[in-house]
1. Find out how many positive minus negative residues lie around HIS53, taking Lys and Arg as positive, Asp and Glu as negative, among other residues whose Cβ is under 9 Å from that of HIS53.
2. So what is Rg over Rh here for the stretch 79-134, counting just Cα atoms and using Kirkwood for Rh?
3. Normalising by the residue count of the chain, find the relative contact order in percent from Cα pairs under 8 Å and 6+ residues apart.
4. Taking only Cα atoms and a 10 Å spring cutoff, compute GNM fluctuations for the chain and point out the largest among ARG115, ARG107, ARG76.
5. For the chain, what is the charge dipole size about the Cα centre, in debye to the nearest 20, if Lys and Arg each add +1 at the Cβ and Asp and Glu each add -1 at the Cβ?
6. Please work out the C-alpha center-to-center distance from the stretch 66-124 to the stretch 1-25 and express it in whole Å.
7. Got a sec to turn the phi values of the stretch 16-29 into Karplus ³J(HN,Hα) couplings, 6.51 cos²θ - 1.76 cosθ + 1.60 with θ = phi - 60°, whole Hz, x for Gly and Pro?
8. Please give the net charge around GLU12, taking every other residue with its beta carbon less than 15 angstrom from that of GLU12, where Lys and Arg add +1 and Asp and Glu add -1.
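What follows draws every value from the coordinates through simple rules; no lab data is involved. Since the model is a prediction, treat every value here as computed from it, not as a measurement. Glycine also receives a Cβ, built like all others from the backbone with ideal geometry; neighbour counts cover every protein chain displayed.
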Amino acid sequence: MKPSNRMQKIIEKMAKARDVDLSKPGTHFKAQSDGFMDLVIENAGLNKISVAHYYEQNGDLCQDPEICFLVGCDGRWYPYEWTTPGVMMFGRVIGGYKNYGEVDGVRGEFKTVARNGQRKLATFANQWADNLRMQRFT
């Protein structure tokens, strides 16, 4: 499995600057940068960290995108779940939900992993982290 080291590093830096302890379930914070959608980071419990941009549409909050990370026993973040609004293009729905790992709901660890998809998602998460840095979210 491939961790997302750059995303983990940038989010932990942002949390530290806000004096937020992301190791506690339910902990969350919002980061803003002029001209960009709000970024929300949350400990969703069971070793799960959610990182998502949000926008409002017809009174509803929509994620675009959201990536969920499993915090491994080694402390590294492994992306496994990706969500973005579905959009119809050329008769196909683009976007939606992808899950590259099944997580044990009691122990908070991977039961199965789709390794190729998970590696691609980790690469995307690292690119997104670079964008967050350039967009001055840190």
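1. Working: positive: none; negative: ASP38, ASP64, GLU66.
Summing Lys and Arg as +1 and Asp and Glu as -1 gives -3.
2. Numbers: Rg = 13.8 Å, Rh = 12.9 Å.
Result: Rg/Rh = 1.07.
3. Numbers: 258 pairs, mean separation 33.0, N = 138.
Relative contact order comes out at 24 percent.
4. ARG107
5. Values: 19 positive and 16 negative charges, 121 e Å.
Here the chain has a charge dipole of around 580 debye.
6. Using only Cα atoms to place each centre, the spacing works out to 17 Å.
7. For the stretch 16-29, the Karplus curve yields 4, 4, 9, 6, 10, 9, 6, 7, 8, x, x, 5, 8, 7 Hz.
8. Numbers: positive: ARG6, LYS9, LYS13, LYS16, ARG18, LYS24, ARG76, ARG133; negative: ASP19, ASP21, GLU42, ASP74.
Summing Lys/Arg as +1 and Asp/Glu as -1 gives +4.
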